[in-house]
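Notes for the one structure printed next.
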Amino acid sequence: MSEIIRTEHLSYVYSAGTPFENAALDDINISVEEGTFLGLIGHTGSGKSTLIQHLNGLLKPDSGKVYIGGEDIWADPKKIRRFRFKVGLVFQYPEYQLFEETVRKDISFGPRNMGLSEEEIAGRVLEAAELVGLPENYLDKSPFELSGGEKRRAAIAGVLAMRPEVLILDEPTAGLDPRGREHILGEIAEYHDRYGATIILVSHSMEDVARFADHVLIMDHGHAAMYGTTREIFRRVGELTEMGLEVPQISRIFAGLAARGIPVPESVLTVGEAKEAVLRLLREGGGV
Amino acid sequence: MPKKRFIEAENISYAYPSYDGMIPPLVLDGVSMSICEGEIVAVLGHNGSGKSTLAKHFNSILIPTSGKVTVDGMDTASEEKLYEIRQEVGMVFQNPDNQIVATVVEEDVAFALENLGVPPKEIRERVNDALKKVGMYEYREHAPYQLSGGQKQRVAIAGIIAMRPKCVVLDEPTAMLDPKGRKEVMSTIRQLNEEFGITVVLITHYMDEAAECGRVVVIDDGKILLDNTPKEVFSQVDLLRRHGLDVPQAAELCHELRLSGLDVPEGVLTERECVEAIAALFGKGASA
């Protein structure tokens, strides 16, 4: 597999030269392989949003470099737009950004800016709508006729229609109920599987990250504090708790069992895995 | 000690007005429940279940299409009681940014009191008192835009409790907050109930928040599905899932293990209880 995203000594300071100067990113060096499903975790103010805005050139690093597919995205600033099509960014509460008269026009906006043919645009709109589970008869409705969850899915479809190689979503499930959350996460996983796309999912929900992501990046005070496979990261219950981050409840339960001297595996990510682990241990005589 | 019933809903149904001549669907369908003085009750349900519609009946924002709601003995359909009802039952909504009207925190908290014609000296006292109760007194001279989401939501709560209500109804007050903000707001809400004796109705789809309340009412399809202690409610894992709700991972794991034929007690709710239950299987329970 090849590397799709690399940052080298990436740093960014907000309000430089004022009393409010604040290093939002401090020497970030990460490398992400193509096809990775990366969970990005950190407190509010840890630099998560600043980092993702660097990956498609919405922000320009104060120092350091960002590479997408091996190319320095700021090598020629006039060509930065190409990277905005390659790296699709879904902001928080994207439903507030719908602006067209119909859902179809709204989803078409990105592909049209890419200069695709009308035929190609029409096909992509249908496909994106299908991916997010919006029925075709919704396409001619006004976005204002949709429910909150449907609006959000329409907004995500607008980014998917550009078929980005890297799809970044900033808390796409914020404010949704469990059913709506499952819907959106399932659609993202489907996009990941169907196109082999790289996904970066910014989330406060450790349970969701544990279920979907294969890698996790933890941001803390502008630093990349931890980066590794999901299993490696969630095993570090103590360190994460010290940073004020939560680990999935199931990981905490297993840490509690380990503390009781029960030889449970250290890294359990889902309830299904946990159940299997307990049953297996009991069968093997429980190590008692 | 039998507690005094404060809010009573008797067989209420509600349909939003129809604009297209069609018969509108019932959003609430024969709901009966009562809330006693000093209770803290969670109303749990997914989007579209009718939980917010129910909440809006508790301070006369909506009046039932059929059936009757009384607040402290006053019929919510009676117009001359409207102001009295709204002073006794305050509402807090989801988005903190939509509820803050002033440019200085303490002025925002004073807003309702000014409208009610409370004497200035008393306004001062009540504002200080309310801000202290939510832990935002130090921020009284800040501008709301400088605050975090959780802080803004606590200011919104202060604005309500400055009116000295007997009951506060909160409609998904943490849905737009990060984990830290959620914790701040939840501990404020519990404090209002435990220390200041304010009756609390918390509308939420977060199971962990519902688990912190004394009583959980689950609503789906406009009907009450369950109404019991958190322990009893969360032991109904299959039922909750069928209705699009989650259960805490601790409850889910114990449920799964019980289904596999293991001797795990019912009604496990917290992490600690789950660790105990599993440790007991390995002969390493608390007594061992």
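The values are calculated or read from the model by the stated rules, or taken from the named source; none is laboratory data. The shown structure was predicted, so the numbers you read here are calculated from the model rather than taken from an experiment. Backbone-built Cβ (ideal geometry, glycine too); neighbour counts: all protein chains shown.
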- Message: Go through the range B:261-272 and report how many residues are facing another protein chain (nearest Cβ under 10 Å) and either within 18 Å of A:V264 (Cα to Cα) or in contact (Cβ under 8 Å) with a residue 24 or more places away in the chain (or both).
- Response: 5
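Is it the case that B:P165 is crowded, with 23+ Cβ neighbours inside 10 Å, touching a residue at least 40 places away in the same chain (Cβ under 8 Å) and either among the basic types (K, R) or assigned to a loop (DSSP other than H, G, I, E, B) (or both)?
Working: crowded, with 23+ Cβ neighbours inside 10 Å: no; touching a residue at least 40 places away in the same chain (Cβ under 8 Å): yes; either among the basic types (K, R) or assigned to a loop (DSSP other than H, G, I, E, B) (or both): yes.
For B:P165, the condition - crowded, with 23+ Cβ neighbours inside 10 Å, touching a residue at least 40 places away in the same chain (Cβ under 8 Å) and either among the basic types (K, R) or assigned to a loop (DSSP other than H, G, I, E, B) (or both) - is not met.
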- Task: Using the structure shown, decide if B:G214 is farther than 30 Å from B:D29 by Cα, of a type in the set (G, A, S) and either in contact with an Asp or Glu (Cβ under 8 Å, 6 or more places away or on another chain) or within 14 Å of another protein chain (Cβ to nearest Cβ) (or both).
- Result: no
- Only one of B:R154, B:R190 that is among the basic types (K, R), under 17 Å from the mean Cα position of the chain (by Cα) and buried (at least 20 other Cβ atoms within 10 Å of the Cβ): B:R154
- Does A:L240 count as at pLDDT below 90 and assigned to a helix (DSSP H, G or I)? yes
- Task: Return the residue satisfying two criteria in turn: it lies in the range A:35-46 and is within 14 Å of another protein chain (Cβ to nearest Cβ) and surrounded by 19 or more Cβ atoms within 10 Å (Cβ to Cβ), and of such residues it is farthest from A:V216 (Cα to Cα).
- Result: A:S46
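Considering B:E273, B:E252, which residue is among the acidic types (D, E), buried (at least 23 other Cβ atoms within 10 Å of the Cβ) and under 23 Å from A:A255 (Cα atoms)? I'd like the intermediate steps shown before the answer.
Numbers: B:E273 fails: buried (at least 23 other Cβ atoms within 10 Å of the Cβ).
It is B:E252.
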- Restricting the first residue to the range A:165-181 and requiring it to be in contact (Cβ under 8 Å) with a residue 24 or more places away in the chain, which pairs with a second residue that is among the aromatic types (F, W, Y) meet a Cβ separation below 6 Å and a spacing of at least six or different chains? A:D170/A:F91
- Task: Grab the helices (runs of 4 or more DSSP H) fully contained in the range B:217-288, keeping just those with 2 or more residues being among the aliphatic types (A, V, I, L, M) and at negative phi.
- Result: B:237-242, B:249-259, B:271-281
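Could you list, in sequence order, all residues of the range B:24-42 that are of a type in the set (A, V, I, L, M) and within 20 Å of A:S147 (Cβ to Cβ)?
B:L26, B:V27, B:L28
For every residue, the table says whether it meets (1) over 23 Å from the mean Cα position of the chain (by Cα); (2) within 14 Å of chain A (Cβ to nearest Cβ).
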site: B:Y83; (1), (2): no, no
site: B:E88; (1), (2): no, no
site: B:P96; (1), (2): no, yes
site: B:V109; (1), (2): no, no
site: B:N115; (1), (2): yes, no
site: B:K132; (1), (2): no, no
site: B:H142; (1), (2): yes, no
site: B:L170; (1), (2): no, no
site: B:L177; (1), (2): no, yes
- Message: Restricting to the range B:97-139, name every residue that is buried (at least 18 other Cβ atoms within 10 Å of the Cβ), not in a helix (DSSP H, G or I) and not hydrophobic (A, V, I, L, M, F, W, C).
- Response: B:Q99
- Looking at the range A:201-241, which of the residues that are of a type in the set (D, E, K, R) and more than 15 Å from A:S267 (Cβ to Cβ) is nearest to the other protein chains (Cβ to nearest Cβ)? A:D208
- Item | Residue under evaluation A:I250, criteria (1) within 8 Å of chain B (Cβ to nearest Cβ); (2) within 25 Å of A:T7 (Cβ to Cβ); (3) without any contact (Cβ under 8 Å) to a residue 60 or more places away in the chain, criterion not met | (2)
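Looking at the range A:108-125, is at least one residue assigned by TED's automatic domain parsing to the domain that holds A:K79, closer than 26 Å to A:R82 by Cα and within 21 Å of the chain's Cα centre (by Cα)? First the steps, then the outcome.
Restricting attention to the range A:108-125, the residues satisfying the condition of being assigned by TED's automatic domain parsing to the domain that holds A:K79 are A:108-125.
Now restrict to residues that are closer than 26 Å to A:R82 by Cα: A:108-125.
Going one step further and asking which of them are within 21 Å of the chain's Cα centre (by Cα), we end up with A:110.
Yes; the residues of the range A:108-125 include at least one that is assigned by TED's automatic domain parsing to the domain that holds A:K79, closer than 26 Å to A:R82 by Cα and within 21 Å of the chain's Cα centre (by Cα).
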- Message: I need every pair where a residue in the range B:190-206 that is within 14 Å of chain A (Cβ to nearest Cβ) has its Cβ under 7 Å from the Cβ of a residue that is in a strand (DSSP E or B), sequence separation at least 6 or different chains.
- Response: B:I203/B:V43; B:I203/B:L170; B:I203/B:D171; B:T204/B:A42; B:T204/B:L44; B:H205/B:L44
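Residues A:L55, A:L51, A:L25: which one is farther than 24 Å from A:E239 by Cα and under 19 Å from the mean Cα position of the chain (by Cα)? Steps first, please.
On the way: A:L51 fails: farther than 24 Å from A:E239 by Cα; A:L25 fails: farther than 24 Å from A:E239 by Cα.
When all the criteria are applied, what remains is A:L55.
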- Among the numbered criteria (1) at pLDDT 90 or above; (2) more than 7 Å from chain A (Cβ to nearest Cβ); (3) farther than 14 Å from B:M207 by Cα, which single criterion is violated by B:G285? (1)
- Considering residues of the range A:158-177 that are within 12 Å of chain B (Cβ to nearest Cβ) and small (G, A, S) only, the residue surrounded by the fewest Cβ atoms within 10 Å (Cβ to Cβ): A:A174
- Matching residues in the range B:194-212 - criterion: being surrounded by 22 or more Cβ atoms within 10 Å (Cβ to Cβ) and either of a type in the set (F, W, Y) or over 23 Å from A:P178 (Cα atoms) (or both): B:I198, B:T199
- Options A:G244, A:G272, A:G261: the member that is over 22 Å from the mean Cα position of the chain (by Cα), farther than 19 Å from B:L257 by Cα, loosely packed, with under 15 Cβ neighbours inside 10 Å and at the interface with chain B (Cβ under 10 Å from one of its Cβ atoms): A:G261
